[in-house]
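What follows is calculated from the coordinates using simple rules that are stated; it is not laboratory data. Since the model is a prediction, treat every value here as computed from it, not as a measurement. Because the Cβ atoms are built from the backbone with ideal geometry, glycine has one as well, and the counts that use them run over all protein chains shown.
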């Protein structure tokens, strides 16, 4: 018997207020890196939030890493990390090292262990020199790297990134992309308008009007997206 | 809002957050109950100077540079406290009461100046834990306190962005014009922060 795919949606719909953000979505994704593309309002971000257990399906069933986000939200959040587009909204603590360590609070580690892992994560993302700097004084690129450090310090099995390079210049966007795509034993679902980033993933999903329009190799899916945009 | 943690190696920096909170609370209460007389003003000022001197901020002036910065931030509070009392109560009461109020605020400021927010968060959570038997969520309360402290610079930046955007469009400064977009941006930020906290495992 084949193992279940990491992400499986069967007939999933999500209604937000008066809007059907997702409609009848059927998906089975098992690639390590998945790009989610589509126009604004197409349902990409709702899909990302669904995977992270931040919104619940109105209809259908969802399985992420074999878990039901509606019933096993706590377990899901231990195994799934989320990176949002606006790094300011992700920073909770006043200094970089404290902010990364904040992600480890649910694990109830000792203070020394928590600091050690936070320092390691800062080092990995090139932020070791900024460990005691006020988080909100960092540049946009540094803040997004800090958000990544806060996500990866928990050693997540799945990282969901919702437009992580939107606010960044080309150099920082490239750095963030490299970190996301590097194989650290995690799966990645990245919602993005950056088609160069999407091209580097193993699989791409195209959303339009809350439905999945195409799934497959990024080159083919991007070509379909560009053809739709040209119409 | 007094500024936050300053690194240092003095006695207050080395003290655990819980006992430090109690010591400073005791000092604040002590200066608060002093009489409204000249000697009380001197005692209040003396307690503050000693507090900042022993804190060990390493500013080269035995903590007096940090004390001056903190006092400067309180200038409007001092003015609002001092002037009406000077008019209605006379100079002795005005000086003594203003000294007591500012000493209390400055001593309270020593807590956040010498304690990392993480340690403060742990101390508050530990202190509130006995209330859990009454179904009080001490972790949530501690995180709420922390987020409140750390959101201040974000709100200040949002306020500046709103003012800049309005100036760029030639709008004249006004409370109504400022309040609506600021409120919308703040609520949007709160929404995003709530999602980010959930994603980071905060219930």
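Points worth noting:
- Gyration tensor (alpha-carbon) shape descriptor, the stretch B:94-171, a/c threshold 1.5: oblate
- Where both bridge residues fall in the stretch A:39-198, DSSP classifies roughly 20% of the beta bridges as antiparallel.
- Stokes-Einstein translational diffusion, chain A - Kirkwood Rh over all Cα pairs, 0.890 mPa s, 25 °C, in µm²/s: 136
- Cα coordinate range in the stretch A:120-231, projected on the principal axes (Å, largest first): 50, 27, 22
- Taking a ≥ b ≥ c as the square roots of the eigenvalues of the Cα gyration tensor, the stretch A:34-143 is oblate, since a/c reaches 1.5 or more and a/b is not larger than b/c.
- Shielding of A:98-109 by partner chains, average beta-carbon count, 10 Å: 4
- Between the stretch A:4-31 and the stretch A:104-124, the alpha-carbon center distance in angstrom: 34
- Between 0 and 90°, nearest 10: helix A:170-181 axis offset from chain A longest Cα axis: 80
- Cα-based shape type of the stretch A:1-91, given that a ≥ b ≥ c are square roots of the gyration tensor eigenvalues and the cut on a/c is 1.5: rounded
- Panel order for A:44, B:20, by other beta carbons found within 10 Å of each beta carbon, from fewest to most: B:20, A:44.
- Estimated distance in nm for a label pair at residue B:135 and residue B:160, the labels positioned 7 Å out from Cα along Cα-to-Cβ: 4.5
- Number of partner chain Cβ atoms within 10 Å, mean per residue of A:85-96: 6
- Space enclosed by the convex hull of the alpha-carbon atoms of chain B, per residue, Å³: 180
- Evaluated at q = 0.16, 0.24 Å⁻¹: base-10 log I(q)/I(0), Debye formula over Cα of the stretch A:74-136: -0.54, -1.15
- Counting beta carbons within 10 Å around each of B:182, B:136 and listing the fewest first gives the order B:136, B:182.
- Rounded to the nearest 10 degrees, the inclination of helix A:218-230 to the longest alpha-carbon principal axis of chain A is 70 degrees.
- Translational D in µm²/s for the stretch B:1-77 (Stokes-Einstein at 20 °C, 1.002 mPa s, Kirkwood Rh from C-alpha pairs): 158
- Peptide B:189-197, shielding by other chains (average Cβ, 10 Å cutoff): 5
- Sorted ascending by nearby beta carbons within 10 Å, beginning with the fewest, A:7, B:184 become B:184, A:7.
- With Cα atoms, 0 to 90° folded angle of helix A:140-152 axis to chain A main axis: 80
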